[in-house]
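Participant: Pasting in a structure now, in structure tokens, and then I'll have a few things to ask.
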Amino acid sequence: MMYVTYPLSLRNVEDLLAERGIDIRHETVRLWWNRFGPMFAAEISRKRVQRMRSFTPCRWRLDG
């Protein structure tokens, strides 16, 4: 899972983009999130499940 070190509200995203010279309203960010957010979540979930399926636990053998 990915962890974020600081909260990202719509207004935080608006401020981050403004620092990079992109003038955009937080309402536009909300509309983008409503449109593309489910696709991002599905992709993260798909990769997570794929990674869990391909995980092979280490096997320990003891000399006896």
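The values are calculated or read from the model by the stated rules, or taken from the named source; none is laboratory data. Everything numeric here is computed off the predicted structure, so don't read it as measured data. Note that each Cβ is placed from the backbone with ideal geometry, even for glycine, and that neighbours are counted across all protein chains shown.
Participant: All but one of (1) modelled with pLDDT under 90; (2) exposed (fewer than 10 other Cβ atoms within 10 Å of the Cβ); (3) under 15 Å from the mean Cα position of the chain (by Cα) hold for Met39; state the number of the condition that does not hold.
Facilitator: The failed condition is (1).
Participant: Counting only residues that are surrounded by 10 or more Cβ atoms within 10 Å (Cβ to Cβ) and assigned to a helix (DSSP H, G or I), how many does region 3-26 have? Walk me through how you get there before you give the answer.
Facilitator: To start, the set of residues in region 3-26 that are surrounded by 10 or more Cβ atoms within 10 Å (Cβ to Cβ) comprises 8-18, 24-26.
Imposing the further condition that a residue be assigned to a helix (DSSP H, G or I) reduces the set to 10-18, 26.
So the count comes out to 10.
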